[in-house]
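J.: Before anything else, here's the structure in question.
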Amino acid sequence: MKDIITLSIESSCDETSIAVLKNGREVLSNVVNTQIELHKKFGGVVPEVASRKHIENIDEVLDEALKQANITLNDADHIAVTYGPGLAGALLVGLSYAKALAYTTGKPLVGVNHIEGHVSANYIAHKDLKPPFITLIVSGGHTHLVEVKNYGEYEILGRTRDDASGEAFDKIARAMELGYPGGPIIDKLAKQGNKNAIDFPRAYLDDGYDFSFSGLKSAVLNYLNAKKMKKEDIIVEDVCASFQEAVVEVLSNKAIKAAMEKGYNTIALAGGVACNSALREKITELGKTKNIEIKYPPIDLCTDNAAMIGCAGYYNFINGRRDDMSLNAVPNLRIGQR
């Protein structure tokens, strides 16, 4: 059986990434050019700046990805590319580039949902993982509980009604002037704090599968403002630890609940917040008590990268998906949507 080589492109936010995969799960190269240092001074990603840097970086990233994989463009069987969700301008850079490559080489173009890419990162990290299972998708833009029924087949069980979990981390970090991105900074400081120091609220929303973090965010901001008005010292490490505990407790409990009620013994974490050490520890601890196995990718596959897009693109390709030059960026694309 002939090996299938996937060339994949990811540019949905502030990482310009191109990867080469063999048969969907073997990574031959995964080059990521990140813009984090550039956007730090703004306290977040500036869409126009991100788009311009993608244009400047993408040729060099492609050359390096092909070099590391030791292939040429003609060796690829198809071109996979993120077309949503994400920043419109950033998406269009990668999508236009993929179209140009597909057109000039005559290779099939395959669109990929960025969120499905995050789920697929687990297929690369865990060669034995196969659907069905429950996935908890947690990032700066998304917080979803999803039933993965098959490759490319999903049912959303719950989602955030307001802030995504990663967004809440960034906003709290900004309020305490800790820097950007907020998630890793809070995670690090929380290790030095007392997670039980402050009783921040947990929103369980009538015990359903949806999430809400706006109330927690407001509670933390009110706590910080009250301390400042009274001119009392703020123990930043305790705030970080207590806030983080409130987030990961709800995420973990709802994911375990979904797996038990739907009859699954595997939960896969996906997205940038899956890097969070407290979340990994909490959900793994709870999973052991319920005989539920917790899987998550290594750090470099949790954050945005083209390898995860290539994996999702491979399954789209073998399932018959082909896109033409009319494929457009869809900034608000949902998981499972085509």
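J.: If you take every residue apart from S242 with its C-beta less than 10 Å away from the C-beta of S242, what net charge results, scoring Lys and Arg +1 and Asp and Glu -1?
T.: Charge balance in the 10 Å sphere: -3.
J.: Next up: Remind me, relative contact order of region 131-298 in percent, using alpha carbon pairs under 8 angstrom and six or more residues apart?
T.: This gives 26 percent for region 131-298.
J.: Still on this structure, please answer the following. Starting from the Cα of K231, draw a straight line to each of the aspartates and glutamates and keep only those under 19 Å, dropping any in the same chain fewer than 8 residues away.
T.: Result set, ordered by chain and number: E177.
J.: Leaving out same-chain residues fewer than 8 places away, which lysines sit with a Cα under 18 Å from that of K130?
T.: List returned: K22, K149, K262, K295.
J.: Using the alpha-carbon centroid of each, what span in Å lies between region 59-105 and region 113-154?
T.: A separation of 22 Å, based on Cα centres.
J.: Please give the length that would be gained between K231 and K262 if that part of the chain were fully extended, namely 0.36 nm times their separation in residues minus their C-alpha to C-alpha distance (nm, one decimal).
T.: 6.2 nm
J.: Can you tell me the relative contact order of the chain? Whole percent, Cα pairs under 8 Å, sequence separation 6 or more.
T.: 25 percent
J.: Also: Where does the charge balance sit around S212 when Lys and Arg score +1, Asp and Glu -1, over other residues with C-beta under 9 Å from its C-beta?
T.: -2
J.: Oh, and also: Taking the Cα centre of the chain as origin, work out the dipole magnitude from +1 charges on Lys and Arg Cβ and -1 charges on Asp and Glu Cβ, in debye rounded to 20.
T.: 440 debye
J.: Of the residues L269, L92, L224, which exhibits the maximal mean-square fluctuation in a Gaussian network model of the chain defined by a 10 Å Cα contact cut-off?
T.: Looking only at L269, L92, L224, the largest GNM fluctuation is found for L224.
J.: While we're on this one: In terms of modelled amide H atoms, which long-range or inter-chain residues lie less than 5 Å from the amide H of L269?
T.: It is L136, K295, Y296, by chain and number.
J.: How many angstrom separate the Cα center of region 173-200 from the Cα center of region 225-270?
T.: Each part's Cα centre sits 11 Å from the other's.
J.: Classify region 1-150 as rounded, prolate or oblate, taking a ≥ b ≥ c as the square roots of the eigenvalues of its Cα gyration tensor: rounded when a/c is under 1.5, otherwise prolate if a/b is larger than b/c and oblate if not.
T.: The shape class here is oblate.
J.: Given the -39500 (n - 2.57) contribution per DSSP H run of 4+ residues, what per-residue ellipticity at 222 nm results for the chain, rounded to the nearest 500 deg cm²/dmol?
T.: That comes out to -14500 deg cm²/dmol.
J.: From the list (1) 1.00; (2) 1.28; (3) 0.96, can you say which value of Cα Rg over 2.2 N^0.38 Å was derived from the structure given?
T.: The listed entry that was calculated here is (1).
Bear in mind these aren't lab numbers, they're just calculated from the coordinates by the rules spelled out. No experiment lies behind these values; they were computed from the predicted model shown. Ideal geometry is used to build each Cβ from the backbone, glycine not excepted, and the neighbour counts take in all protein chains shown.
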